[in-house]
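Asks: Quick one: this structure, given as structure tokens, is what I'll be asking you about.
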Amino acid sequence: MHGKLLPLASLYLVQGLPYGLQSSLLPILLRARGLSLTRVGLAKGLYAPWLFKLAWAPLVDRRGSPRTWLTLSTAALGLVCGLLAALPPNQASQDALPATVMGLLLLLNLGAAVQDVALDTLAVQLLDPAELGPGNTVQVVAYKLGAALAGGGLLVLWPTLSWPLVFVLLAATYWLAAALAWTAPALHQLPWPQPSEHTPHLQDLLAAPETLWTAGFVLTYKLGEQGAGSLFPLLLLDHGASAPELGLWNGLGAVACSITGSSLGGALLARRWEPLLLLRSVLQLRLGGLACQTALLFYLDTPGAGVGPDTLLRGAALLSLCLQHFLGGLVTTATFTVMMHCSQLAPRALQATHYSLLATLELLGKLLMGALAGMLADGLGPHSCFTVFLVLSAVPLLDLSLAPSTLA
């Protein structure tokens, strides 16, 4: 088993790098350059290629082997990082990043999305039924660790690094991972894919039992959490927190708490907790945590309040960040269990594509609010914006009251 899990862990760690780079590092750098919250939020549009995985997933399935797609996409990511290293933006400029750099970051996401499809297909084919539990644990932990290293880790080290050096290191990492994908003995055991006789249509997927409720839930369950999580670190930066400190707590610290929450969720589900009951309890805690974070934000706008070094408010703010990420990890584990259960109710020939549809909708919900959060804050103000996030965080609790009994 270790011969399979070690290469998967390395490849999933590498897969998490673009997400950490653009979810934790890029927003702080753009805000530090003086960009508005709206423009920082709209940079989330770089994630757009992830929403179209269903468009090229059949191509990955039918043309060539997953190992070939994985190797080529990973090598292409190294090439894009090499180009980013050769085209550093002007550090003294207060403008947005150049269009060329933004275009290369978009290509980085395109390559990472193709890599994601290939690696997930490879894992499904490679792991035996008894290995699925350890394999999924490796997937979640390694991906989040990669995101933490590229996000919070690089932000902490940013004062001692340069733009070219960061992307040279990333390029070297991708090329080493491409070599691993091509040469790892375990990956040579994969069979050549067989052509499919049936191409599923959207109406086939939506007609599967309980799909409409599950699709609506996964599209909305992260809206409030994602909006608050995108804005709160930037608002702390405006109130005096340092970028390296935010990188440590909102990057490495947040990922550690998220992994802990995901692991606890898996342990509770293994002890036969029903996913919907677990979701109800954790969503209530998450709503309470967001209410406390909102109250803290209101207080920070009073005269004399701030999050400078050695202040109680600083500790409370960083604690609230970690708590929300911990609860978010718990919610995600339970929600993905419900998604998998729903996909198992679909006809066997549709189950893989059905799960991809739910995963795409889940990602769309997170990216939508992450991209619009800055615009809402600039238009409504932070106070009204976080009130909207509270309402959105209450909606999933109402959804659960309508959950089908077959998903319990």
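Asks: Collect the residues in region 355-408 that are acidic (Asp, Glu) and at pLDDT 85 or above, keeping them in residue-number order. Give the derivation first.
Replies: Residues of region 355-408 that are acidic (Asp, Glu), as a first pass: 362, 378, 399.
Result: Glu362, Asp399.
Asks: Would you say Val138 is buried (at least 21 other Cβ atoms within 10 Å of the Cβ), more than 15 Å from Pro164 (Cβ to Cβ) and at pLDDT below 75? If you could, list the steps in order and put the result at the bottom.
Replies: Details: buried (at least 21 other Cβ atoms within 10 Å of the Cβ): yes; more than 15 Å from Pro164 (Cβ to Cβ): yes; at pLDDT below 75: yes.
Criteria met by Val138.
Asks: Here is a follow-up. Here are Ala403, Ala334, Ala346: which of them is in contact with a Pro (Cβ under 8 Å, 6 or more places away or on another chain) and outside any helix (DSSP H, G or I)? Don't jump to the end; show me each part of the working.
Replies: Working: Ala403 fails: in contact with a Pro (Cβ under 8 Å, 6 or more places away or on another chain); Ala334 fails: outside any helix (DSSP H, G or I).
Unique residue meeting the criteria: Ala346.
Asks: Is it fair to say Glu225 is at pLDDT 90 or above and either in a helix (DSSP H, G or I) or in the same structural domain as Thr333 (by TED's automatic domain parsing) (or both)? Spell out how you get there, then give the answer.
Replies: Values: at pLDDT 90 or above: yes; either in a helix (DSSP H, G or I) or in the same structural domain as Thr333 (by TED's automatic domain parsing) (or both): yes.
Yes.
Asks: Here are some residues: Thr294, Thr335. Which one is more than 21 Å from the chain's Cα centre (by Cα), at pLDDT 80 or above and either of a type outside the set (Lys, Arg) or crowded, with 22+ Cβ neighbours inside 10 Å (or both)? Can you show your working first?
Replies: Values: Thr335 fails: more than 21 Å from the chain's Cα centre (by Cα).
Thr294 is the lone residue from the list that is more than 21 Å from the chain's Cα centre (by Cα), at pLDDT 80 or above and either of a type outside the set (Lys, Arg) or crowded, with 22+ Cβ neighbours inside 10 Å (or both).
Asks: Still on this structure, I have one more. Give Ser320, Ser343 a once-over and let me know the one that is assigned by TED's automatic domain parsing to the domain that holds Gly229, touching a Leu at 6+ places or on another chain (Cβ under 9 Å) and modelled with pLDDT of 85 or more.
Replies: From the options Ser320, Ser343, the qualifying one is Ser320.
Asks: OK, next. Of the residues in region 360-408, how many are over 26 Å from Tyr299 (Cβ atoms) and in contact with an Asp or Glu (Cβ under 9 Å, 6 or more places away or on another chain)?
Replies: Of the residues in that region, 6 qualify.
The values are calculated or read from the model by the stated rules, or taken from the named source; none is laboratory data. Here the structure is a predicted model, which means the values were calculated and not measured. Don't worry about glycine lacking a Cβ; one is built from the backbone with ideal geometry, like all the others, and counts go over all protein chains shown.
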